[in-house]
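The structure under discussion appears below in the form of structure tokens.
The values are calculated or read from the model by the stated rules, or taken from the named source; none is laboratory data. Since we're looking at a predicted model, the values are computed, not measured. Here the Cβ positions follow ideal geometry from the backbone for every residue, glycine too, while neighbour counts run over all protein chains shown.
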Amino acid sequence: MSAIQNPENYLTKRVLSMEESQTMRITGLAKKMKAEGKDVVSLSAGEPDFPTPNFVNEAGIAAIKAGFTRYTQNSGIPELKAAIQAKLSRENGLCYDASEIIVSNGGKQTLINAILALVEEGDEVIIPAPYWVSFPEMVRLAGGTPVTVTCTGETGYKMTPEQLEAAITPNTKALIINSPSNPSGAVYSEQEVRALMQVLEGKGIFVISDEMYDRITYGREPFSPGMVDSMRDWVIVSNGVSKTYSMTGWRIGYLAGPEWLIKACDKIQSQTTSNPNSIAQKAAVAALQGDQSIVEERRKEFQKRRDYMYKALNEIPGVQAALPEGAFYIFPSVKGVLGKTLGGNVMNTSADVAEYLLLEHNVATVPGDAFGSPENLRLSYAASIDELKIAVERIRNAFS
């Protein structure tokens with residue numbers, strides 16, 4: 001049987017309009033190089049280097065031993081929803097009924113469920129840049145148009161009310177806000193969030209608030225848009241256990257919002273993946289209800305690493321980094337390196353810089369192009385101090 005010629009002709013426009021995840025691509029290439037025996041230091045992965053806490057693992061093991069391995073309620077088991085309700089009330093000041101919460105297979109699914117339920121062809125979604133790589137691609141997958149608003153280091157990589165106002169059109173359906181931010185580590189203050197919500201008030205525009213890193217902050221506590229009373233019915237909050245509890249592979253995320261929207265997400269989920277993993281749900285209950293001291297211990301360790309990276313990177317000529325207020329990424333500008341010839345090649349964009357660092361100096365980073373900021377690199381400090389020191393020294397040598 002002959003091979004299909006030009007197979008891209010048979011793919012849908014929605015697939016062809018999407019880009020591959022650069023973080024996944026770079027991480028995959030770094031792992032391949034490591035498997036080949038190369039001494040690669042990876043600062044590309046978006047996951048903690050700490051193991052899942054033992055008490056969480058034990059809850060998962062207990063679920064297996066108890067035979068909790070069958071289908072559950074599509075939107076999540078009642079005890080996990082109750083744990084999520086308690087967490088949102090205790091830590092975020094948000095009160096939701098169980099009917100206003102859905103549990104999904106990771107934070108990505110919660111977000112795509114919400115976007116698929118709200119966005120269709122002709123709709124615009126405002127996304128501040130730098131943004132998490134999947135935001136615009138999810139909007140495109142739903143048939144919508146991502147409208148990116150460029151935010152620079154001068155505003156702390158945060159969108160201003162004036163920028164938001166200027167981006168709104170009659171086709172605007174939603175705003176996606178991510179605080180603490182992946183990739184910049186920026187955290188919107190209460191005053192900043194209220195100012196943005198004031199712009200949206202009465203305009204019929206939804207807010208999808210990705211709060212996945214809300215427990216990993218350094219002095220500035222994030223403020224959820226769901227806390228603004230006048231916008232309560234227009235805000236959808238996404239979170240999960242992946243980053244806070246080092247449970248990236250367990251795949252548990254959750255969404256909180258108006259009951260009618262949660263029902264729509266429930267419908268979508270019932271026809272795509274069905275319920276989230278039964279064992280992981282039990283483990284997530286343990287994570288949310290268990291001893292939270294380990295979360296604080298790890299946050300302090302991340303802060304030590306952040307402080308080291310901030311100081312060390314700013315000592316490298318051509319590199320300028322802002323101090324992250326949350327998450328475990330630092331997003332330095334490499335504008336001072338662009339246009340130069342390194343390793344025999346001209347560094348036109350941060351993608352060129354990232355490829356040079358990986359292939360010539362064995363340091364894996366993610367180019368800012370993927371985040372809508374072509375003059376930056378994203379470096380994850382979810383690695384040991386020793387690894388970070390090696391990576392910084394290699395970057396210093398690469399740029400010298």
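A few remarks follow.
- Test: residue in region 237-252 that is in a loop (DSSP other than H, G, I, E, B), assigned by TED's automatic domain parsing to the domain that holds Gly93, among the basic types (Lys, Arg) and under 23 Å from Thr145 (Cβ atoms): no
- The set of residues from region 316-352 being assigned to a loop (DSSP other than H, G, I, E, B), surrounded by 13 or more Cβ atoms within 10 Å (Cβ to Cβ) and among the small types (Gly, Ala, Ser) comprises Gly318, Ala321, Ala322, Ala327, Gly336, Gly343.
- Of the residues in region 295-315, at least one is assigned to a helix (DSSP H, G or I), within 21 Å of the chain's Cα centre (by Cα) and of a type in the set (Ser, Thr, Tyr).
- Residue satisfying all of: in region 50-70; more than 28 Å from the chain's Cα centre (by Cα) and not β-branched (Val, Ile, Thr); surrounded by the most Cβ atoms within 10 Å (Cβ to Cβ) among these: Ala63
- A single member of Thr248, Thr273 is in contact (Cβ under 8 Å) with a residue 24 or more places away in the chain and under 16 Å from the mean Cα position of the chain (by Cα), and it is Thr248.
- Filtered residues of region 218-240 (kept if in contact with a Pro (Cβ under 6 Å, 6 or more places away or on another chain) and surrounded by fewer than 21 Cβ atoms within 10 Å (Cβ to Cβ)): Asp233
- Those residues of region 205-219 which are assigned to a loop (DSSP other than H, G, I, E, B) and within 18 Å of Met159 (Cβ to Cβ), in sequence order: Ile205, Glu211, Tyr213
- Residue under evaluation Ile84, criteria (1) over 29 Å from Glu297 (Cβ atoms); (2) buried (at least 23 other Cβ atoms within 10 Å of the Cβ), criterion not met: (1)
- Wholly within region 126-204, helices (runs of 4 or more DSSP H) carrying at least 3 residues that are surrounded by 19 or more Cβ atoms within 10 Å (Cβ to Cβ) and hydrophobic (A, V, I, L, M, F, W, C): 134-141, 190-200
- Which listed residue is more than 17 Å from Leu43 (Cα to Cα) and within 24 Å of the chain's Cα centre (by Cα), from Ser384, Ser373: Ser373
- Among the residues listed as Leu94, Leu111, the single one being at pLDDT 95 or above and part of a loop (DSSP other than H, G, I, E, B): Leu94
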